[in-house]
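Scroll down for the structure; my scribbles are underneath it.
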Amino acid sequence: MNMAAMAEPAATYTKPDSAKGAIGIETVGMTMRFGSFTALDNVSIQVKPGSFHALLGENGAGKSTLVKCIMGFYHATSGNLLIDGFDGDVRDPRDAHAKGLGMVYQHFTLVPALTAAENLVISRADVPAVVNWDSELKDLRAFMDAMPFRVPLTEPVHRLAAGEKQKLEILKQLYLGRGFLILDEPTSVLTPDEADEVLGHVRKLCEAGELSVLMITHKFREVTNYADEFSVLRRGKHVGGGKVSEWGHSDMAAMMMGDAKPAEPASRIETSGAPVLELEGVRARDRSGLGEISIASLSVRSGEIVGIAGISGNGQMELMEILTGQRPTSAGTIKVNGSPYHATRAESRRLKVRYLPEEPLHNACAPRMTVAENIAFRSFEANGADTRFWLAPGEMRRRAEHLVADYKVKTTSIESPITALSGGNVQRAVLARELDGEVDLLVISNPCFGLDFTAVAEIRARIMSARNTGTAVLLMSEDLDEILELSDRVLVMSEGALVYKCIAAQADIPTIGQHMGGHA
Amino acid sequence: MNGDIGLWAVPIAMLGGAIRVSTPFLFVSLGEVITERSGRINLGLEGTLVFGAMAGYALAYMTGSAWIGVLAAALAGAVFGLVHGLLCSLPKVNDIAIGIALMLLGTGLAFFFGKPFIQPVAPDLPAINLGWWSDLPQVQAALRVNVLFIFGAVLAVGLAWMLKRTRIGLTLRVVGDSSDAARALGIQPARVRILATAFGGALAGIGGAYLSLFYPGSWNEGISSGQGLIAVALVIFARWSPINCFFAALLFGAAGALGPALQSVGVTTGYYLFYAAPFVLTLAVLILSSSKSGALTGAPRELSITK
């Protein structure tokens, strides 16, 4: 009876002509100068066909410049790119694609409103003028069957989970017949389980000789588990690398940082305190307006850090907005130090509530105003207990100078626009403002997203020392490692509700991962 | 039959009115759907509509052919759309501000060039009598449907098909939803948007030609009562779907026909109030479709009003 099924002309996936399996690439003495600034200095690295190569380096070390040179976004000042041993001569990204080089960006480049199938078809170089969806879907299903993982084809992409989107990005590259793939921090939006699944499949494709991969990452765990070789960049120079099996995490970290020492993690001292933040039965609409955020009960005591883990888009942003007063609630009470809290400016000042939202440049700064002005946002109209009408520029400047020095914010002047600062320094400046003076409650969201080791270590130490002096800290983060490092208690948020809680010291990562994915 | 059908005259007159009045709404909104799907908003369509009405009437009068008038209106509209598209492609130019400027420019130019054409009579566009089966003169009058209306209905279906099943449609949706994704795919968003705006302008021009060449069927300075602007709101109401635009246009057309329909059965109190029905409906639609939290579902993500 199976004969009938077999006799039916099965749709078979035929690779595009450009597909030739894994492609090896090599940069030879690649140098890239922007004016007087040397972003890339004589970098030679080799990615052998079928290998999984990790590219490590702090922010600003030149990793993205290197991959942009490979993909043809930039033209290297000097040096060569070899593709399978021949001169690559990549003129632009389109040319790179035609030569089998592909890149998966840190931020998704899928079109949210289009379905997975539409995204795949439109990404082809030869989109037919009239698309016959019946036959296209048949071909796509045949293609999916040949792949180690699959995604729903007819669902709009904005409804897919982050992990599925990332898989689709990789599938898209394979669908297009790419033999060399650059992955730019591919797991930053995934749960640990999803990350393992995606990278595991990518590794299998490498082993099968379908693909070579150059992966930019900050996570050593991923390097050890999936990569076979690595290279390290520091200040535009290639400072080391080799076989992953021959080097340890501390060697890699030392190569990345050179002489710079990260701040010592602040030790956690025993504290016990009264509840500062209490939420009871709080409900609100979520961002789409279709779902609901429902926090049955949440309390944060003085001198503790409560971490809320969860995959982005499960209500953390909305919870932050509820606490900052940006999102109206339909039910429930929020209390700080026992008195009702509606996040007005007067209340937040009286009850000493401070915030460090994610992407502070956009959510906590006026980007074009100066560093000094941005630092003054909490205090510019305060005159002791009263308010003032005329600003006090002298006092503002002194406060800014003091905080900039104290928090080691690197800026050419406190009069430069804050948008000119690097991500880590914006974060430092905002944290300086928010931690200035007495703070009873600090609400933080993704404080270290996109920052390098040194900045991360320092910001975490600041948060920890605030906790040690009795501040109640509510920390929302998509980085589970960060939650586990900082928190006393861990909560997991999934689909708008807190679904799991545990003591951080006794946390079991697989269990937390399952709750994050909503599979428990 | 003496044609005395009492109050039934009101719904029948509204149906007829809906079909007559909706055509400009239909064309302007279909054009705007395409423009907005590419991520631009063109508020200048009111000016394009009025200029199209003038150009269409003038050319129809000079050549004696209403169809040449329609063609001229479409061309004039495309030029306006092209200007909007090109200007908005310059860095740091806001599409809404340009739209308002072009709206004023379009009406101003139309009044300037249209002065000599207020008196002369141009040929009308042909209508098809779909009411032949009825004896009632009211029904026959209501179902005298203009060719452009039928063309618009077919166009709505065609555009929906195009958005779903053609390369052009997919490209348009990619550009409207994410400039970055479009660039990563090697599409030039600016070019797609310029063409989409030009197409939208052409359709708005045809909508204008309908005004001056069929209903009301003459050129004067008060020819448009804000249809070009209402149609932009209508696109939001229709959730950027060409098929929905067709029904939304009929609804707005019916609201516009309420005043004349009531007048035809002798209701004269609150006459001006009923004429305001489309504007009240516009406000109601915008309020009802607004949302305090969250983005509009189905809105192209590159649209400046939804960002």
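The figures follow:
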{"item": "Any chance residue A:87 is within 12 Å of chain B (Cβ to nearest Cβ) and surrounded by fewer than 19 Cβ atoms within 10 Å (Cβ to Cβ)", "result": "no"}
{"item": "Those helices (runs of 4 or more DSSP H) lying entirely in the range B:192-307 with at least 3 residues surrounded by 22 or more Cβ atoms within 10 Å (Cβ to Cβ) and more than 14 Å from chain A (Cβ to nearest Cβ)", "result": "B:227-237, B:242-264"}
{"item": "Residue list for the range A:269-298, restricted to those being charged (D, E, K, R) and either crowded, with 17+ Cβ neighbours inside 10 Å or within 14 Å of chain B (Cβ to nearest Cβ) (or both)", "result": "A:278, A:283, A:285, A:286, A:287, A:292"}
{"item": "Per-region count, the range A:299-318, residues away from chain B (no Cβ under 14 Å) and buried (at least 21 other Cβ atoms within 10 Å of the Cβ)", "result": "12"}
{"item": "Condition check for residue A:459: farther than 28 Å from residue A:286 by Cβ and without any contact (Cβ under 8 Å) to a residue 24 or more places away in the chain", "result": "no"}
{"item": "Any hit, the range A:145-153, residues being among the basic types (Lys, Arg) and surrounded by fewer than 22 Cβ atoms within 10 Å (Cβ to Cβ)", "result": "yes"}
{"item": "Conditions (1) farther than 21 Å from residue A:382 by Cα; (2) buried (at least 23 other Cβ atoms within 10 Å of the Cβ): number failed by residue A:356", "result": "(1)"}
{"item": "Residue in the range A:107-138 that is farthest from the other protein chains (Cβ to nearest Cβ), counting only those that are surrounded by 15 or more Cβ atoms within 10 Å (Cβ to Cβ) and at pLDDT below 85", "result": "A:108"}
{"item": "Residue in the range A:352-360 that is touching a Phe, Trp or Tyr at 6+ places or on another chain (Cβ under 9 Å), part of a loop (DSSP other than H, G, I, E, B) and not basic (Lys, Arg) present", "result": "yes"}
{"item": "Residues that are more than 21 Å from residue B:107 (Cβ to Cβ) and either touching a residue at least 12 places away in the same chain (Cβ under 8 Å) or in contact with a Phe, Trp or Tyr (Cβ under 8 Å, 6 or more places away or on another chain) (or both), drawn from the range B:183-215", "result": "B:184, B:187, B:189, B:190, B:192, B:193, B:194, B:195, B:196, B:199"}
{"item": "Among (1) surrounded by 21 or more Cβ atoms within 10 Å (Cβ to Cβ); (2) in contact (Cβ under 8 Å) with a residue 40 or more places away in the chain; (3) farther than 20 Å from residue A:162 by Cβ; (4) not β-branched (Val, Ile, Thr) - the single one residue A:516 does not satisfy", "result": "(3)"}
{"item": "Only one of B:114, B:39, B:64 that is touching a residue at least 12 places away in the same chain (Cβ under 8 Å) and within 19 Å of the chain's Cα centre (by Cα)", "result": "B:39"}
{"item": "Single residue of the range B:154-191 satisfying the filter (surrounded by fewer than 21 Cβ atoms within 10 Å (Cβ to Cβ) and of a type in the set (Lys, Arg)) that is nearest to residue B:299 (Cα to Cα)", "result": "B:164"}
{"item": "Neighbours by Cβ (under 8 Å, 6+ apart or cross-chain): first from the range A:171-193, on the phi > 0 side of the Ramachandran plot; second part of a strand (DSSP E or B)", "result": "A:185/A:216"}
{"item": "Candidates A:62, A:100, A:24 - the one that is assigned by TED's automatic domain parsing to the domain that holds residue A:160, small (Gly, Ala, Ser), surrounded by 22 or more Cβ atoms within 10 Å (Cβ to Cβ) and touching a Lys or Arg at 6+ places or on another chain (Cβ under 7 Å)", "result": "A:100"}
{"item": "The range B:172-191, subset at the interface with another protein chain (Cβ under 7 Å from one of its Cβ atoms) and in a helix (DSSP H, G or I), residue farthest from residue B:239 (Cα to Cα)", "result": "B:184"}
{"item": "Breaking point among (1) surrounded by 15 or more Cβ atoms within 10 Å (Cβ to Cβ); (2) away from every other protein chain (no Cβ under 13 Å); (3) within 25 Å of the chain's Cα centre (by Cα); (4) not β-branched (Val, Ile, Thr), for residue A:168", "result": "(2)"}
{"item": "Per-region count, the range A:64-102, residues part of a strand (DSSP E or B) and in contact (Cβ under 8 Å) with a residue 12 or more places away in the chain", "result": "8"}
{"item": "Qualifying residue in the range A:321-335 (condition: under 24 Å from residue A:464 (Cα atoms), touching a helix residue (DSSP H, G or I) at 6+ places or on another chain (Cβ under 8 Å) and not polar (S, T, N, Q))", "result": "no"}
{"item": "Residue within the range A:305-326 that is in a loop (DSSP other than H, G, I, E, B) and more than 25 Å from residue A:485 (Cα to Cα) present", "result": "yes"}
{"item": "Test: residue in the range B:136-158 that is aliphatic (A, V, I, L, M), modelled with pLDDT of 95 or more and more than 30 Å from residue B:261 (Cα to Cα)", "result": "no"}
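The values are calculated or read from the model by the stated rules, or taken from the named source; none is laboratory data. Because the structure is a prediction, the values reported are computed rather than measured. We place every Cβ from the backbone using ideal geometry, glycine too, and count neighbours over all the protein chains shown.
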